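One structure below.
We did not get these values from a lab; they are worked out from the coordinates using the rules stated. From a predicted model like this one, the values you see are computed outputs, not experimental measurements. Cβ: placed from backbone, ideal geometry, glycine included. Neighbour counts: every protein chain shown.
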Amino acid sequence: MDFRLTDEQAALRESVRDFAREVVAPVIAEHYEQHTFPYEVIRQMGKMGLFGLPFAEEHGGMGGDYFALCLALEELARVDSSVAITLEAAVSLGAMPIYRFGTEEQKATWLPKLLSGEALAGFGLTEPGTGSDAAGTQTRAALDGDEWVINGSKAFITNSGTDITAMVTVTAVTGTNPDGSKELSTIIVPAGTPGFTVAPGYSKVGWTASDTHELTFDDCRVPAANLLGERGRGFAQFLRILDEGRIAIAALAVGLAQGCVDESIKYATERHAFGRPIGANQAIQFKIADMELKAHTARLAYYDAAARMLAGEPFKRQAAIAKLHASTIAVDNAREATQIHGGYGFMNEYPVARFWRDSKILEIGEGTSEVQRMIIARDLGL
Ligand SMILES: Cc1cc2nc3c(=O)[nH]c(=O)nc-3n(C[C@H](O)[C@H](O)[C@H](O)COP(=O)(O)OP(=O)(O)OC[C@H]3O[C@@H](n4cnc5c(N)ncnc54)[C@H](O)[C@@H]3O)c2cc1C
């Protein structure tokens, strides 16, 4: 068992770290404050190849793997989570369903632009009335000749309304299974299709420089060939996508937790109280030591889940453990980093304020902490 990075992985981590510090850090606070999408940063991430990291070169990818994506997400989130979630959703939720389940024609149509970062795709699973219970999908799609007619709505869909959004994949009820349960399928809906409406962006607590919308489908017609993979496989498809995605979210959470350590060390060294740096107090040192401990152990948890996945072994439980643990400690670290910053920690101009606002969603998105516990318990045979 060797958790050390290869030279190639270390070089990737280094280059994303430099990019985050030199390109993202100087501009992101303004985007965050203004709730604007950082198109120029995303364009540069595309040029670096980040959107193609875990995909084969024959489809326009970089020939890396899912762990490489996780390393990049960790380094981005160490500086900013809006940018990191934009990459996470674009790759693991946007392009991956096409890559894993698409026909050769669908791959040829969508992957080159998604993997270059020129275009983004959304993953439309959650609905206004159902999130954790994803099988409760109400959106329906019916075949009418050689077209699917889609009716329903989706909530909180990341990357679904940017100027460069090319399409969303939508889960919909397409019939009834022999056992009476809903037949769920996934359908590709290109941006701009008549009947597909994107609501204005939500006003969010955090991730304010990322793109999130409610979507409605009103007799929205797309070709029958836009079915992704086999009819009736929608449930299995999103379970696979979410299992992988949890490792990516864990990496993002570790990045935020590590960013809290970085900022706390800096501040504890600079800020003086009672005639000495606040970091000279053991109470502050212990807080930072505990934050580092949490970031480190959560990192090991996602490394382990990713290693199992890449080895082709079962990884569902380990991915849920990594996501649950990393999101919990990200919230812990954000709270402690804010405390170490005192009143300045409550000011938006300090990165830790962003970390604090961005941490809570990690316990909710791509499966809440309760859902992760359900997955772990089920996997233990309970
Ligand atoms: C910013 C943002 C971006 C998002 N991006 C996307 C996206 O791109 N695509 C997408 O499809 N979705 C996306 N989501 C949706 C996200 O995945 C859901 O919000 C999440 O899965 C929780 O679903 P819900 O909000 O419906 O909560 P609910 O399922 O209604 O849960 C509410 C509460 O009840 C708890 N609960 C529910 N069932 C149980 C149970 N059986 N036992 C114990 N507790 C339970 C939950 O844990 C939670 O605490 C996004 C959400 C946000 C906020």
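What number comes out for the charge environment of A353, summing +1 per Lys or Arg and -1 per Asp or Glu over other residues with Cβ under 11 Å away? Show your work: numbers first, answer last.
Working: positive: R354, R357; negative: E33, E263, E349, D358.
Charge balance in the 11 Å sphere: -2.
In Å, the Kirkwood hydrodynamic radius of region 66-179 over pairs of distinct alpha carbons? Write out the running numbers ahead of the final one.
Values: mean 1/r = 0.0643 Å⁻¹.
Taking every pair of different Cα atoms in region 66-179, averaging 1/r and inverting gives 15.6 Å.
Specify the angular offset, from 0 to 90 degrees and rounded to the nearest 10, of the alpha carbon long axis of helix 234-270 from the longest principal axis of the alpha carbons in the chain.
Roughly 20 degrees between the two axes.
What number, rounded to the nearest 500 deg cm²/dmol, is the helix-based mean residue ellipticity at 222 nm of the chain, given -39500 (n - 2.57) per DSSP H run of at least four residues and division by all its residues?
It lands at -15500 deg cm²/dmol.
Modelling each spin label as a point 7 Å along the Cα-to-Cβ direction, I'd like the K360/H296 distance in nm, to one decimal.
About 3.1 nm, to one decimal.
Do any chymotrypsin sites (Phe, Trp or Tyr not before Pro) in region 176-281 lie in a loop, going by DSSP, with at most 13 other beta-carbon atoms within 10 Å of their beta carbon, and if so which? Spell out each step's value before the answer.
On the way: sites: F196, Y202, W207, F217, F235, F238, Y267, F274; in loops: Y202, W207, F274.
For chymotrypsin sites (Phe, Trp or Tyr not before Pro) across region 176-281 that sit outside H, G, I, E and B with at most 13 neighbouring Cβ atoms in 10 Å, the list reads F274.
Rounded to the nearest 0.05, what FRET efficiency is calculated for A225 and Q285 with R0 set to 51 Å and r the Cβ-Cβ distance?
0.25
Which far-off residues, 5 or more places away or on another chain, put their amide H under 5 Å from the one on R221, with H placed in the peptide plane?
Amide H neighbours of R221: I150.
In terms of Cα to Cα distance under 18 Å, which lysines are near enough to K266, apart from those fewer than 8 places away along the same chain?
Those lysines meeting the cut-off are K287.
Can you give the FRET efficiency to the nearest 0.05 for T176 and A56, using r as the Cβ-Cβ distance and R₀ = 45 Å? Display every interim value, and only then the final one.
Values: r = 37 Å, r/R0 = 0.82.
In this case the efficiency is close to 0.75.
Return P(r) of region 1-100 (all Cα-Cα pairs; 10 Å bins starting at 0; whole %; ordered from short to long distances).
Final binned percentages: 15, 49, 29, 7, 0.
Kindly work out what percent of the DSSP beta bridges joining two residues of the chain are antiparallel, to the nearest 5. Please list the in-between numbers first.
On the way: 31 of 37 bridges.
For the chain, the DSSP antiparallel bridge percentage is about 85.
Normalised by the number of residues in region 1-86, what is the relative contact order in percent for Cα pairs under 8 Å and 6+ residues apart?
Worked out over region 1-86, it gives 30 percent.
Which whole-angstrom value gives the distance between the alpha carbon centres of region 42-86 and region 286-350?
20
Across 5 Å bins from the origin, how do the percents of Cα pairs in region 320-382 run, short distances first?
4, 20, 22, 16, 13, 10, 7, 4, 2, 1
Mind checking the log10 I(q)/I(0) for region 49-115 at q = 0.14, 0.23 Å⁻¹? Debye, one equal scatterer per Cα, no solvent, two decimals.
Scattering profile of region 49-115, log10 relative to I(0): -0.37, -0.91.
For K360, give me every one of the lysines with a C-alpha distance below 19 angstrom, ignoring sequence neighbours fewer than eight places off in its own chain.
Cross-link targets: K204, K294, K323.
Compute the angle between helix 369-379 and the longest alpha-carbon principal axis of the chain, please, reported from 0 to 90 degrees and rounded to the nearest 10.
70
For region 190-297, compute the orientation-averaged projected area of the C-alpha convex hull (one quarter of its surface), in nm². Mind dumping the intermediate values first?
Numbers: hull surface 43.8 nm².
Seen from a random direction, the Cα hull of region 190-297 projects 11.0 nm² on average.
Between region 119-156 and region 223-239, how many Å separate their Cα centres?
12
In Å, what Kirkwood hydrodynamic radius results for region 230-382 from the alpha-carbon pair distances? Present the calculation step by step, with values, prior to reporting the outcome.
On the way: mean 1/r = 0.0608 Å⁻¹.
Kirkwood hydrodynamic radius for region 230-382: 16.4 Å.
What distance in nm separates the two pseudo spin-label positions at E22 and N151, each 7 Å out from Cα along the beta-carbon direction?
5.5
Over the C-alpha atoms of region 217-273, what are the Rg and the largest Cα-to-Cα span, Dmax, in Å?
Rg, Dmax (Cα atoms, Å): 22.1, 67.
So if each residue of separation counts as 0.36 nm, and I subtract the Cα-Cα distance between D2 and R100, what length gain in nm does that give? All intermediate terms of the calculation are to be shown ahead of the outcome.
On the way: separation 98, 0.36 × 98 = 35.28 nm, distance 2.86 nm.
Stretched out fully, the D2 to R100 stretch lengthens by 32.4 nm.
Which of G345, L310, F123 sits closest to the plus end of the dipole of the chain, meaning its Cα is farthest towards the positive end, when Lys and Arg get +1 and Asp and Glu get -1 on the C-beta?
Selected residue: G345.
When every alpha-carbon pair in the chain is counted, what percent end up more than 35 Å apart?
Working: 17288 of 72771 pairs.
More than 35 Å apart: 24 percent of the Cα pairs in the chain.
Loop only by DSSP, 10 or fewer other Cβ within 10 Å of the Cβ. Give me the trypsin sites (Lys or Arg not before Pro) in region 1-67 that pass, ordered by residue number.
On the way: sites: R4, R13, R17, R21, R43, K47; in loops: R4.
Answer by residue number: R4.
Based on the inverse mean of 1/r over its pairs of different Cα atoms, what is the Kirkwood hydrodynamic radius of region 83-144, in Å?
For region 83-144, the Kirkwood estimate is 13.2 Å.
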